[in-house]
Amino acid sequence: MNDMQHPKVAFVTGGAQGLGLGISLHLLDAGWKVMMFDLDEEAGREAMEALNADKRERCLFFAGDVANEDDVALAIQRTIDRFGRIDGLVNNASIANPDNGPFEHLDWENWRRVINVNLGGAFLAAKHATQHLRKSKGAIVNIASTRAFQSEANSEAYAATKGGLVALTHAMAVSLSGAVRVNAIAPGWIEVADWQKSANRSTPVHSETDKSQHPAGRVGIPADIANAVAFLLDGEKSGFITGETLRIDGGMTHKMIYKD
């Protein structure tokens, strides 16, 4: 993975800020070339400007909507035009449930937008990247969520997409048997307030309660997920793993919490 003569190429959706930026930077640090595909052009510009000369040469940003097939197809082609190959696809782009209160008041258009971005976007990126991943014997990592397994109230659209990503993962793993490995990561609480573009960036503050509800003793950071992404993309280290969902949440979903 660190062979600089033939660096591998990753396509990261939602790759210009938040968790996606953490993943993009981690892969760049490991010697990969990276396409950061993100709807937010300002975030992409800031991310590119913050890179040193070497990383900027190995990184490409494309502004587009992961729920728009033409945008996805064009971004994949731009990646091939620039780097010649794709070895890893990271389906990270995601939007949260709109704040509509009880789900019976959830607007149908908002529901469809969440589904189309979080689940449809992963399908579209995989659809257009797979021909290139077959050539490189590459891998796909879908970023799901612990919300696929447990919920808070009024998060139906988001939870449905993350559960769908878990199912999509094992379905694609079987369909692409012997050609492309497909796995998912289900993060818990990963703090990304300090990984946003400058206009939205803030310094996170976590209470002792926030920390203590995690058996690991702290809230997660992007590196916790990025390290796992790099492992799952590395065929030498994880070549016998496909169709799986790795839960990374500091143990939080295993802890029973009672309220007084």
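The values are calculated or read from the model by the stated rules, or taken from the named source; none is laboratory data. Bear in mind that the values here come from a model prediction, so they are computed numbers and not experimental data. Note that we place each Cβ from the backbone using ideal geometry, even for glycine, and neighbour counts take in every protein chain shown. For accessibility, only protein heavy atoms count, side chains too; no ligands or nucleic acids. Shrake-Rupley method; radii C 1.70, N 1.55, O 1.52, S 1.80 Å.
Structural remarks
- Percentage relative contact order, the chain, counting C-alpha pairs under 8 Å, at least six apart: 19 percent
- Full extension of the chain segment joining ASP194 with HIS254 gains 18.9 nm, where the gain is 0.36 nm per residue of separation less the Cα-Cα distance.
- Among the listed pairs LYS162/LYS237; LYS33/LYS137; LYS33/LYS197; LYS211/LYS237; LYS8/LYS127; LYS8/LYS162, a Cα-Cα separation exceeding 24 Å is found for LYS162/LYS237; LYS211/LYS237; LYS8/LYS162.
- Pairwise FRET efficiency - PHE149 versus GLU104, Cβ, R0 = 30 Å, nearest 0.05: 0.80
- Approximating the spin labels as points 7 Å out from Cα along Cα→Cβ, the LYS211-to-SER136 distance works out to 3.9 nm.
- Helix-only CD estimate at 222 nm, as mean residue ellipticity for the chain, using -39500 (n - 2.57) per DSSP H run (n ≥ 4): -12000 deg cm²/dmol
- At a probe radius of 1.4 angstrom, the accessible area of the chain per residue rounds to 49 square angstrom.
- With contacts taken as Cα pairs under 8 Å and at least 6 residues apart, region 1-88 reaches a relative contact order of 31 percent.
- For the chain, alpha-carbon Rg over 2.2 N^0.38 Å: 0.98
- Per residue, the convex hull spanned by the Cα atoms of region 77-157 measures out at 97 cubic angstrom.
- Highest-MSF residue in the chain out of GLY239, GLY88, GLY18 [GNM, Cα springs under 10 Å]: GLY239
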